[in-house]
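Please read the structure below before turning to the comments.
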Amino acid sequence: MSRHYLIGRGEQLSSAIDAIKGGGGSKEPVYTFEESQERLRPELHAAVQGLTTDKRLAPNDVHVMQFVLHPAFIAKSYHPSTLINSAGLSVVGSKPIRVRTDDQPDASERYTSSLLVAGTRGSFRNLDVMLSREDPPDGDGNRIGQITRIERISGYSLADKLHETPGDHQWHELVLHRVNEHLAPDNLNDFLVLAGDLGIEVEDQLNFQTADLLYLPIRGDEADIRHLAEYSTVRAVRPMPRLKLEPIGDGVTRQVGRPTRLPDRDPEIREPPAVAVFDGGIPESNPLTSWIGSYVKANPDAADVPQYTSHGLAVCSALLFGNLNLQQPPLHTRITAVRVLDDDTRLDDPLNLYKTLGNIETVLEAQRFAYVNLSLGPDTPIEDDEVSAWTSVLDDILSSSDTLLSVAVGNNGELDDASGNNRIEPPGDAVNALCVGAADSEGPYWERAPYSAVGPGRSPGIVKPDILAFGGADGDEFQVVAPGATPVAVGMKGTSFAAPNALRQAIRIREICGSAISPLAAKTLLIHSAESQDSLAKKEIGWGRVPSDATSIVTTEDGSAMIIYQGKIRPGKYVRARIPIPTGLNGGYVTLSATFSFKCKVDPQSPDVYTRSALEITFRPNMDRHKPKKQYPNTGSFFTSKGTSGLYSTEEESRKDQGKWETVLHNRRRYRSTTLVRPVFDIHYNAREMGSSSNDSDDLEYALAITIDAPKTPQLHQLILDQYKQLVTLEPILGISGGLA
């Protein structure tokens, strides 16, 4: 049986099309204006009454309240921004929340958004005056008429801000809203003055700013920190998480080393990609000298730490060779070892989390790498209502760089499930990264390694980890090289090795197919090819286990063909991507598998609407089939299903069930070959900012992988190339065996 290489230039089958009219429109209010007056004015009065009168706690007399949206009105087109702005108020963020609504008091709680709204005491009173009018507004689009979309109003209390998470209870991480300077010009200065008056140490030079949030390390007595948290624009306070360097710690084994022979160093490919490992550096004496092109120390004034360099060497080994037991071809690309951990970031230093992230940020912004591995991070599970500084900083950098970052999701998988302590750790929830968990085997029978952290991520970003790769198991440890000039293999286990093991397959794809494959396309192909198991939940394995042989990712057998599309789309625009189903199929069934992925800007102050971009995909299986009097060909389910409300599902259903606003969409479906007539995906780029409309004008880069399986047509690959002249086979620059072609 023949094998066929990946078909490229799928974007040549795509073209811009006119906007497609949707089936949405205005929605009937759940409450009348009079009902909203009766329900919300007492809540607003109580919230205003509860505002602090201590001027030290409210910069420029600015306070923050919560406006909870009714679940029927969480779509961006229903955002009550006109009402909020007309009262002189400003949305500074939001949180996910589940509520039981007044219109359905006996129903179960439903998912919605709680808007964090800032304004002066006078502005909140302005809103009350607007609500006091006796004549109802004209239409739901009227600014005050938007009040009918709000379910409840309340203050933002101390209890909402304090997070009891594991960590250092002397040092805390405080998150401050960076309020509009016209609204609260003294926000930061007044905060620092109050902290000084309370005797609280603030490391204001060691901070991170992402979007409209400021992350600050603080230290002080518990009572004083609670008082500081009452400052009106403080969003959250939690004990400072510890930095965890896997596999240092529980759940990891180390065997007695055994001599090993490393693969021969093959010639480098032409124009190799820039590859880096961000970790603890490498020891002076190591057997990887010929594979490591450069050694970068983020803090050149600090000294090495043997514990860290041993870990960094092991991760470099996993990236270069995979599990040494398998004797796979090594990378043809020399890598850069970047030391971000040193004696200035000791594990017993409560500020090492910030220092290490600062090192990572400095190097990522100074140097361009196409592929980067990160096998360390905060030792704390993610939270649904807050985004870690690690996640928000890295997502922000990745949103505008052509870098594929693989991240280890954590080794806390055997902790308590009910409390969520076994959930993925930051930045394993990053939507612009490839977040990797560990599988317990490289054989045909596998599952999540018990130590590997579980999902889900937040919504959006719900499918986490993205994929699994082998990371070692009891009795079948992951073999890596140990320090020393002579190659010695030692066995370890941890997601620290699963992450580079997965990334090496992405780099191998690039080495085999050449620069025609972008890092984003390589990520798409990893997810597209992941081996799933119906018996295992997505929160355990994500999209599945990545194959351990990169050639199987970029090749198909007779009766199958895979096409990669790499395109761009402007906000609000539509692109039609043709699926190259050739004429001359020999009947039977056709299975389509498709994976979209993209990177986008994020709003860390609004974790419930974290991603600013969505690709809304409409599948049209037969371009010749229309319903009577309908302008467009019929649609078919592919990534989505019809909502319970009818043909057009609600935003709530889309968030929960259909992956709207997710950065990865993946599915496969089976069709009779006769039902597929010039099928297409219509792609619409939808943009938002903090849940409302966006003025973003940047193009969105996306990648799409499609596999067509038609078992009764063994010549499928050639039929596609013959009938779609725009497409080309991406002939390998590396042979199947791993040598230079």
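The values are calculated or read from the model by the stated rules, or taken from the named source; none is laboratory data. As the structure is a computational prediction, the values presented were derived from the model and not from experiment. So basically every Cβ, Gly included, is an ideal-geometry build from the backbone, and we count neighbours across all protein chains shown.
Entry remark, the range 446-476: residues being assigned to a strand (DSSP E or B) and over 18 Å from residue 372 (Cα atoms) number 5 in total.
Go over the candidates 352, 359, 373 one by one and state the one that is in contact with a helix residue (DSSP H, G or I) (Cβ under 6 Å, 6 or more places away or on another chain) and under 20 Å from residue 282 (Cβ atoms).
None of the other options fit; the residue is 373.
Does residue 535 satisfy the condition of being free of Cβ contacts under 8 Å to residues at least 12 places away in the same chain and farther than 30 Å from residue 283 by Cα? The answer is yes for residue 535. The one condition from (1) aromatic (Phe, Trp, Tyr); (2) modelled with pLDDT of 95 or more; (3) in the same structural domain as residue 689 (by TED's automatic domain parsing) that residue 543 does not meet is (3).
Whether a residue is in contact with a helix residue (DSSP H, G or I) (Cβ under 7 Å, 6 or more places away or on another chain) and closer than 30 Å to residue 500 by Cβ was assessed, and residue 541 does not pass this test. In the range 256-285, the residues that are more than 25 Å from residue 297 (Cβ to Cβ) form Cβ pairs under 9 Å with partners that are crowded, with 18+ Cβ neighbours inside 10 Å and of a type in the set (D, E, K, R), at six or more places apart or across chains, as follows: 269/510; 269/511. Contact annotation: residue pairs with Cβ atoms under 7 Å, 6 or more positions apart or on different chains, pairing a residue in the range 560-571 that is over 13 Å from residue 727 (Cα atoms) with a partner that is hydrophobic (A, V, I, L, M, F, W, C), are 560/708; 560/716; 567/575; 568/700; 569/575; 569/683; 569/700; 571/687.
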